[in-house]
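Read-outs: derived from the displayed coordinates by stated rules, not from any lab. Treat the numbers as computed from the prediction; the structure is a model and nothing was measured. Glycine gets a Cβ as well: all are built from the backbone with ideal geometry, and neighbour counts include every protein chain shown.
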Amino acid sequence: MTYSQRMSTPISISCVLNGTTILPEYPIDDTSSPQVSPLAPPYFEKNSLFELLYEVQLIRRIWNPTVNLVLRIFPKPTSEKFEILPYTNGEVITGYVDVENKGSVEVPFKALSVSLMGLLKLNHNRPKRFLHLIDLVASSSGTGVDNYVDVDFELLSEKYHLSADSKIGLPSDHILQPRSKYRKFFVFQLPYSLLEDTCEHGIASHFTLPPTTLKKFSEVKYSVLASLIVKSLKYGFHVSALQDRPFRFVPQFSFPVDLESLMPDSDTYRQQFLTKLESIEKLEVAETSKIEAATKMQYSSLCTKLKLACCLSSQASPGRYESIGRCTKKSVFGGSSSGVLLASIDRVNQMEIRLSDSFLGSFMAVPLNLELQYIPPFSSKRQGPHPAIKSMSVSLEILESQSLGVIPFKIDHCLLNDFEGVYLEKIKSGFKALTSRVEAVKCQSFKTELDNDLGAVDSLTIYREKILGLKFESLAPGHEIWSGYPQDDGSSHWTSHIQSSVVFDSSIRDMYLEGKLDAIQMCNMNRMYLVNVALVLSNGLKANVCVPVKFV
């Protein structure tokens, strides 16, 4: 058997949106769980051993108190102590599983499953598996030490003073003897990327493994999981003992957020969706033979079509990041007692902050120029001067977009500055207006694809949270210069250009090294960081404008 075959064989590396299984919310290491899980799905009765290992999360769990599993991961060669350092792409994870029968009777078993998993849990949803590796060597029976290339388990056992009271390997008769302990070693190699069919957008950043994170709205977890699978006449196949060991993963490669500009904005995507729907409606009024011929074209969701040049050639250049602020939610003209404030940032791309080694103990000032436009209310267009800036603050925020389906369009500046969710609701309403037309589609394959697109938009949710305040260098509030531009009705629109700099000090670098500023880009989840500039005028008018920032 070759080295690649002996190493942890990758059985499946699949995206959370490509036919993956929603995992039941079983406890991982809580031995106080009920003997029979109430969420247990039907057990596998006629499946092969391979299918049992692949779908071990779906097998019901009935704990056997006399069986105990102990799972340990060996430290990396660079570790001086018995500690688990972060892993990255291409690195090898080694360890062992001790299987102990503490009872006085024999315990027959079907297999020992040893797998490496990556799980993504979005807000208020069950975790989904996006990475699944199975070590078939460790999961099979056999005595003696398995001959892994470049891995000397006997030497590792001596180095870390492992107890010698365990028999190496599992019994060939699949029976755990009373008061006995068995040891099985495992090896996994972390892949460099997910499979090519993972991303329907064809965007390189969506193929990368996301970093281990635990945020308020989502969680990404990697762990090695060991499960002892048994079979009884009463319950069939079930897991009688389970143990997992989480580890931290930090990706080796990073892709710029700019690659997401290959995706259309929400308006362009809706037009593409509408064009597709109209073409299907025309087909359904044609002859049956034409419908069958069209079916062979294999229409898929619009996200798949984004790889084609025809969807990329019509992309317009990105606009500036801008926002509108008002005192009330009334009409823009004449409804607000203080007028309208339009704030924009003189940037078309994200801010890129390079946290190099020379950044230790110092700070980095990044230019951020603002343009303010003040439109006075209708009732006071001919009266009084413009208001002055009362206060200005800058903060670092996290923004997460999540969906139960593939997010079909990019998160553009309109959504970044959609603080009250009005723009997102407008997008959803536009697609909901097409629901009745989609339900009228007769061809089931077409209808399913259209329903998937509608569901992805309807379940789209955007979360934002402030992380910390940032220092900035600018003119003192009230010292800015405004220029008035006369209008046809005799009023004036006021404009002010403010030159400022945002300061990133060493505390930002510390957060980055601790893994607290990791960006994630997946098909159904996008996590980015924003610099939020908040303005307050002397008449009470407020506005916020955000620009994305990337730390490298």
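Taking each of 76/184; 121/466; 276/432; 215/390; 159/516; 471/550 in turn, the alpha-carbon distance tops 23 angstrom for 215/390; 159/516.
Which shape class, rounded, prolate or oblate, goes with segment 49-247 when its Cα gyration tensor gives a ≥ b ≥ c as root eigenvalues, a/c under 1.5 marks rounded, and past that a/b bigger than b/c marks prolate? Don't skip to the end; give the middle numbers.
Details: a/c = 1.98, a/b = 1.33, b/c = 1.49.
Oblate, because a/c is 1.5 or more while a/b does not exceed b/c.
Couplings 3J(HN,Hα) for segment 503-516, derived from phi with the Karplus relation 6.51 cos²θ - 1.76 cosθ + 1.60 (θ = phi - 60°), are 9, 10, 9, 5, 5, 5, 5, 4, 5, 5, 5, 7, x, 8 Hz, where x marks Gly and Pro.
For segment 392-499, GluC sites (Glu not before Pro) meeting the loop criterion (DSSP other than H, G, I, E, B) and having at most 11 other Cβ atoms within 10 Å: 420.
Amide H contacts of residue 140: none lie under 5 Å away among residues 5 or more positions distant or on a separate chain (H built 1.01 Å from N in the peptide plane; Pro and chain starts excluded).
Taking GluC sites (Glu not before Pro) across segment 157-200, the ones in a DSSP loop with at most 15 further Cβ atoms lying within 10 angstrom of their Cβ are 196.
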